[in-house]
1. Given springs between every Cα pair under 10 Å in a Gaussian network model of the chain, which of 214, 204, 131 has the largest fluctuation?
2. Relative to the Cα centre, what is the charge dipole magnitude of segment 111-177, using +1 at the beta carbon of each Lys and Arg, -1 at the beta carbon of each Asp and Glu, and rounding to the nearest 20 debye?
3. Mind checking which helices in the chain clear 15 Å along their axis (Cα) and have mean Kyte-Doolittle hydropathy of -0.5 or more, DSSP H runs only?
4. When ranked by the protection proxy of mean other Cβ atoms within 10 Å per residue, highest first, what sequence do the peptides 28-38, 93-103, 109-119 form?
5. Report the FRET efficiency, 1/(1 + (r/R0)^6), for residue 159 and residue 239, where r is their Cβ-Cβ distance and R0 is 35 Å, rounded to 0.05.
6. Using 0.36 nm per residue, how much length does the chain from residue 212 to residue 52 gain when fully extended, once their Cα-Cα distance is taken away?
7. On a C-alpha basis, how far is the centre of segment 153-179 from the centre of segment 201-258 in Å? Whole number, if you could?
8. Where does each of 39, 151 land when they are ranked from fewest to most other beta-carbon atoms within 10 angstrom?
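Taken together, the values in this text are just the output of simple stated rules run on the coordinates, not laboratory data. Predicted, not measured: the structure shown is a model, and the values here were computed from it. FYI the Cβ positions are ideal-geometry reconstructions off the backbone, even for glycines, and counts take in every protein chain you see.
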Amino acid sequence: MSEPGWLAELRRRAAQPPLRPREPLILGRAEIGSIEPAMGERMVADGLPLRHEAGAWQVTSHDDEALAELAHWLRTQDLAGRWRDELLPVIDAAGTPHGAIERAAVRPLGVTTHAVHLVGRHPDGRFWVQQRAWDKATDPGMWDTLVGGLMSADETVRQTLERETWEEAGLHLAELDALQPLGHLQIRRPVSEGYMVERAVLFQAVLPRSARPQNQDGEVAGFACVDAAELREGLAAGRYTLEAALIHAHALELEERR
């Protein structure tokens, strides 16, 4: 059976090339991101620890201070995202960590971010979903997975899932039943700050029948518990973020195979 048109469009949107050519960003011997050549030339002209070599941009000092210099330059040039004083891990395609960098700099530098998402289920099979706060910088007011967030530099995947589950839904993992992995999701697409490359680790769990998610960090406008038909209708209508739509579509597909 062919997939519906809305799902094919979501998959297309999740695998897009940059709007303008980019060249690899290298730290040590590892490729950690990508930048536009014009921006690289400006960085070099301003004395940043960077040089152009064999079609790539080499960070000339292998430490977090060099990455911080790049991030602060982006901030002074109004090229960074919203500054958060939050460090994210810099991890290459092989999974090897190479340092940490300010969250606001990852999209301009094409650095891969690492996220977790939790698909929340009611014991009767319905899906718990959240509506993103209206003041969120990305996808305000859209519907999302019950829990989703980026892994910080000092965290493991499990620690990120535990923290985000509490901050976004006021729940502890120990309260949930049938916690299980759902696989991974890779997103590559242009965004306003640069180029988004994100790898998400997916989980699913069943909330207790009496549980009612309660947001703790002000980043969620509300929650809803919807059945599969209502969820599919919302996905097809474009009411969910790109990531949440693909994750929920994946969860529905896995259920249909059982």
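1. Of 214, 204, 131, the most mobile in the Gaussian network model is 214.
2. Computed charge dipole of segment 111-177: roughly 180 debye.
3. On the way: long enough: 64-76 (18 Å, -0.23); 157-169 (17 Å, -1.46); 242-257 (23 Å, 0.12).
Span-like helices here: 64-76, 242-257.
4. 109-119, 28-38, 93-103
5. Taking R0 as 35 Å, the efficiency between residue 159 and residue 239 is 0.70.
6. 52.3 nm
7. So the separation of the two Cα centres works out to 16 Å.
8. 39, 151
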